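The values are calculated or read from the model by the stated rules, or taken from the named source; none is laboratory data. Because the structure is a prediction, the values reported are computed rather than measured. Note that we place each Cβ from the backbone using ideal geometry, even for glycine, and neighbour counts take in every protein chain shown.
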Amino acid sequence: MISSVKQSTVPLTGSNIFRPKLTAPVRQFSVLPPLPALKTRGKSSVTAITKPLCVSLIEGFGELSKKPSLIACKAYEADRSQPIEEEKPPSEAAKKLKIGIYFATWWALNVVFNIYNKKVLNAFPFPWLTSTLSLACGSLMMLISWATRLAEAPQTDFEFWKTLLPVAVAHTIGHVAATVSMSKVAVSFTHIIKSGEPAFSVLVSRFLLGETFPVSVYLSLIPIIGGCGLAALTELNFNMTGFMGAMISNLAFVLRNIFSKRGMKGKSVGGMNYYACLSMLSLLLLTPFAIAVEGPQMWAVGWQTALSQIGPQFIWWVAAQSVFYHLYNQVSYMSLDQISPLTFSIGNTMKRISVIVSSIIIFHTPVQPINALGAAIAILGTFLYSQAKQ
Ligand code: 3PG
């Protein structure tokens, strides 16, 4: 079906040719029946106009600014003989299964990382180097994946790296602070203090971003802060550096998550590649500080001592902590792509329970009942927090 539209009053130039105001005369002469409104289901609606209205001929284009000309427009009706293919949204059960698999993988990788990380730190107490190695290993793994086309390299620009910088600064500080903490205290203690992260999230959002929350959210902070405080006071191997490391890590990771959310908004870089770029930038930031704080001479002596005490398997421990650090973070960023931040934070708390319990069993960490009570109250508070935020 062809409809000719005589363009009489609007001068057509190269700059305004596709402006919406030109659509008015076309509609005025349209002899097509109106298309029925398509039923949309959630976000997966599909536009069924397979052959849209298009300008097929413009006579005397170069002369358009001088004299009005005829434009022949061809309009096609949507082909109704073809069934409209709508992408079926995954069923509730499939979604739950997918999230379940993400969570189980994330926690399992995290438990393995924490165990090997602590084994390495016990034999080789250089948290700045081990933090650097885990970032280096992740960066190398991703560069190889991109080079071999195992994963598609992201398209990034200067703006992307600029917005990633504050995220990388916060990630670097949070990572090195948590590792310093774990080099000084039991893994379980670091994670009990880290279960207080929601309290930092609320305080930062309230005082830095001016966000307000319902009273129930503020009330849920009482058991979180109280439980962490009780656990810290009754910790048999309390160490101030270890405690402060976990606290600094909490603050840094809250800021990282806020900056990450802003940085990922509207970007085409997915969770896996976003984390890969984050690792690379963090590696660049951390390396000079690691050299300045610890340095190659101390590392060489420490490495020889660890090797003589543990044997060649020490190298495997270092490799395992580095590989698993990258993998668990990668899966957690991939989960963030799929689930809400709230579901993510509940998953993170559940993760800490599995890390605390497994590390107490593996490292035979002495725990007093009052200390365990403090941890349980803090974790219960985190659940109350997630409920209050819903
Ligand atoms: C690190 O080294 O970055 C921390 O162990 C991370 O802790 P989290 O991911 O459990 O917060």
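Those residues that are out of contact with any Lys or Arg (no Cβ under 7 Å at 6 or more places or on another chain) and either within 13 Å of the ligand (Cβ to nearest atom) or farther than 19 Å from residue 325 by Cβ (or both), I need them from the stretch 151-162; list them, please. The answer is 152, 153, 154, 155, 156, 157, 158, 159, 161, 162.
Filtering 179, 190 for residues that are within 18 Å of residue 326 (Cβ to Cβ) and assigned by TED's automatic domain parsing to the domain that holds residue 282 leaves a single hit, 179. Scanning the stretch 230-261 for residues that are among the polar types (S, T, N, Q) and in a helix (DSSP H, G or I) gives 241, 249, 250, 257, 260.
Residues in the stretch 355-375 that are surrounded by fewer than 16 Cβ atoms within 10 Å (Cβ to Cβ) and small (Gly, Ala, Ser): none.
Scanning the stretch 166-202 for residues being of a type in the set (A, V, I, L, M), more than 9 Å from the ligand (Cβ to nearest atom) and in contact with a Leu (Cβ under 7 Å, 6 or more places away or on another chain) gives a total of 6.
For the stretch 122-138, the set of residues classified as assigned to a helix (DSSP H, G or I) and surrounded by fewer than 20 Cβ atoms within 10 Å (Cβ to Cβ) consists of 122, 123, 133, 136, listed by residue number. Please work out which residue is surrounded by the fewest Cβ atoms within 10 Å (Cβ to Cβ), limiting yourself to the stretch 178-204 and to residues that are among the β-branched types (Val, Ile, Thr) and over 16 Å from residue 110 (Cα atoms). Residue satisfying both the conditions and the ranking: 204.
To keep it simple, each residue is scored yes or no on (1) more than 13 Å from residue 328 (Cα to Cα); (2) small (Gly, Ala, Ser); (3) assigned to a loop (DSSP other than H, G, I, E, B).
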site	(1), (2), (3)
99	yes, no, no
105	no, no, no
108	no, yes, no
120	yes, no, no
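Here residue 141 meets the list (1) outside the structural domain of residue 170 (by TED's automatic domain parsing); (2) assigned to a helix (DSSP H, G or I) almost entirely, failing just condition (1).
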